[in-house]
Structures are given as C-alpha cells and as structure tokens.
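The values are calculated or read from the model by the stated rules, or taken from the named source; none is laboratory data. Since the model is a prediction, treat every value here as computed from it, not as a measurement. Backbone-built Cβ (ideal geometry, glycine too); neighbour counts: all protein chains shown.
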Amino acid sequence: MILRLVRAAPLLATLAATGWALSTNPLAAPLVERGATDLILTLEHRVRRTATAPWIEAELAAAVASEDVDRAAMLIDLARDLERDIDLSAAEAMIAAREGWLASAGDCAACMADIAACPTLAHLASCAVPFEMSPLGDANALRRAGVAWASGAEVDRLDAGLALVGLAATGAVLVTGGTSVTVKAGAGLLRTARRMGSLTPSLARHLTIPVRWSAVPAYLRGAAPLDTVTDMARLSVATAIAADMGRVREATSTAEALRLARLVDTPTDAARLARVAEAMGPRTGRTLAVLGKGRAFRATLRLSRAAAGTLALAWLCMVQIGAILAARLGAAVLRALTPAPRAMPGARAATPALGPAGPRPRR
C-alpha cells in the first residue's frame, strides 16, 4: 500500500494543484490586454514576418493598377523601412502624376462637393474634413435632412442625429468650459465617415440615434434637456465609440481615422483599434493593411498567466494519467502474449516425497 501511494504521489499532487487552480476560476477571462511595449513588439514582428519582398511587390502592382495613391505610398514607405529590394519606379511615377497642381485642384473641388470622391487622404484632410467637421457641415447635414423630409424621401437619421449632437456641442462649448469639444469632434468624425461610406452597417446601427424632432427647437434654445430629444442609452454608446475613434484620430490623423473606421463593426472593435493606433501611431494603417483586422486585433490580447498555468497543469494531469494507463495496458498485453511454461514429458518431480520422519531409507 505504501509503495502504491508513493507511485501515485506525483499524480495526486498534480490533481490537487489543478483543482486549486480551477477553484480560482482563471478561465472565466483567460485573455487580458497586452502591455503597450509588448503590443508594439508583437505587431512589428508580425508585420516584418508577413511583409516579404514578393508580398509587397504584388500588393504594389495591384495599387498601381487601381491608381490607389494612398496604398502605393504606404507600400513604398513599408518597403523602405523594412529594406526590401523592390522596384518602386512605377509606383513613384503614378504618385507624381497625381500630385500635379491642376489635377490636385480638380480633385479638391470634387472632394468638397462629394466627400466619397476624395481620391487621397491628403485631399480628404485638406479639402473635405475642415468643412464637414465645422458647424457649417452640421448645418448642411440638417439642410439635407430637411429637404428629404419635405419631399417625402427617407431621412438619413444617423447623419441628421450626429449633426444635431455636433451643433448642440458647438453651442455648449462655452458653458461646459470646452469639454464639449471632444463630443463635437467625435460626432463630426463619425458623420464625415458616414458620408464617405466608411461606416459598416453594423457600426451604423450602434450609432443610429433616435431624434424627437418636435423637441429639437426647444433643446437648441436651451429650454429642454437632452433626454427629451434622444435616447440617452443609445447616445452613451455612440459617445463611447466616438471617444475611441477620437483616440485613433489623435494617434494617427483625422483622414487616417476616417479610412480606418471601415474596420469597426462593434464598440469592442473601436476600443481595439484605438489600442493598435496608440501603439503604432502613424504606422497604424500599414499595420492593418499587412496583418488584416483579425490578426491585428487579436494581437492586443494575450493569455493570462493564471489561465496558462491552469492549462499546463491540466495537460500534465492528462499526460500522467495517459502514462499510467499505457503502462498497465502494455503489461496486460505482454502477459497475454507471453506463453505459459510447459513441463517436459517424462520429467519426475525434483522434490523427494517425505515421510513422517523424513526421507525413506534406501534398500
């Protein structure tokens, strides 16, 4: 019995440690946020491993074929930073042709008329964004909503609702001591992204703010609180998303944040995009272009030490139980395959028969 207990001691100790670890419930939240430094190193390593010379060359050829100036410029910078030996002449010639003065002037005019027609991030930032994120842009959005309502057409509730929030925040800046500037910037950024088609349908549902149009005039006059105009719970969700997109804008740029908005489907996506942007800064766009949304967002999380230790203990238990079962099964198979010893024919017993007082005397 003592020998059996000694043999079972390692397994019993491992089972006890696993039971204690599971009692702390480490698998309820097995993933935790990576630290800032760890996230930077992880993303840079994955980008360097993925962006090989053939990969960049193929992507650059596709960008030149589609005349995507922003992507071509990003890939050129990436090739130079990673010291990839690639012919960049065709992409550089395409970019130089699009940066001519007359071409830029025409593109800027088209960009101001329709933000979705902006060909590059530079045009978006210099031509469309200043107007769209100003009170004039909010008023223009309300004008569009009014024209649609008067003609019986469908009103873009998302665009109009964010415009109302932006105008209200503009008027409240002096009252709040400037804190409403964040609300104004976030609402303007999201409304601009909506107009340029960067918002996914899922994110648009999270940002759709119901508006009670009859209460709008009183609210703008300061005679009614905000909760009489819209649903405060829906507004808080939109505000959280706007805050995360504001972090993206601060880490990159307004134009880059508008382009990256197309990767956001949920409030969680917005928070993870903000973490990637704060880690990578101006390199956020190319990091997501190389790794994709899924790999980049998953890099923001890691397995917690408690969860990793618990999984290791569980694996060790299975290995020990498997070793014990394998040893017993092997012994059973060996016994079954080993033939039993057989007595030789005519063999006599080696032990002499004993009488009452010992062996019989010889005659």
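Of all residues in region 267-306, those that are surrounded by fewer than 18 Cβ atoms within 10 Å (Cβ to Cβ) and out of contact with any helix residue (DSSP H, G or I) (no Cβ under 7 Å at 6 or more places or on another chain) total 10.
This table checks each residue for (1) in contact with a strand residue (DSSP E or B) (Cβ under 7 Å, 6 or more places away or on another chain); (2) modelled with pLDDT under 90; (3) of a type in the set (Gly, Ala, Ser).
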| residue | (1), (2), (3) |
| --- | --- |
| Ser23 | no, yes, yes |
| Pro26 | no, yes, no |
| Val32 | yes, yes, no |
| Val47 | no, no, no |
| Ile56 | no, no, no |
| Glu83 | no, yes, no |
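Yes or no, residue by residue, for (1) farther than 15 Å from Ala242 by Cα; (2) β-branched (Val, Ile, Thr); (3) modelled with pLDDT of 70 or more:
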position	(1), (2), (3)
Ala141	yes, no, yes
Gly152	yes, no, yes
Arg157	yes, no, yes
Val175	yes, yes, no
Ser180	no, no, no
Gly188	no, no, yes
Arg191	no, no, yes
Met196	yes, no, yes
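Cβ-Cβ contacts under 8 Å between residues 6 or more apart (or on different chains), taken from a first residue in region 191-213 that is within 16 Å of Arg157 (Cβ to Cβ) and touching a residue at least 40 places away in the same chain (Cβ under 8 Å) to a second residue that is of a type in the set (Val, Ile, Thr) and assigned to a helix (DSSP H, G or I), are listed as Arg195/Ile115; Leu203/Ile241; His206/Val237; His206/Ile241; Leu207/Val237; Leu207/Ile241; Ile209/Val165. Of the set (1) of a type in the set (A, V, I, L, M); (2) over 26 Å from the mean Cα position of the chain (by Cα); (3) under 17 Å from Pro282 (Cα atoms); (4) modelled with pLDDT of 90 or more, all apply to Ile76 but (2). The single condition from (1) in contact (Cβ under 8 Å) with a residue 40 or more places away in the chain; (2) surrounded by fewer than 18 Cβ atoms within 10 Å (Cβ to Cβ) that Met318 fails is (1). Test Arg71 against the stated conditions and say whether it is surrounded by 13 or more Cβ atoms within 10 Å (Cβ to Cβ), at pLDDT 85 or above and not in a helix (DSSP H, G or I). No. When residues in region 205-234 are screened for being among the small types (Gly, Ala, Ser), buried (at least 17 other Cβ atoms within 10 Å of the Cβ) and at pLDDT 75 or above, 0 of them pass. Selection of first residues in region 281-293 that are over 18 Å from Arg49 (Cβ atoms) and in contact (Cβ under 8 Å) with a residue 12 or more places away in the chain and of second residues that are assigned to a helix (DSSP H, G or I) and of a type in the set (Ser, Thr, Tyr), restricted to Cβ pairs under 7 Å at least 6 apart or on distinct chains, gives an empty result.
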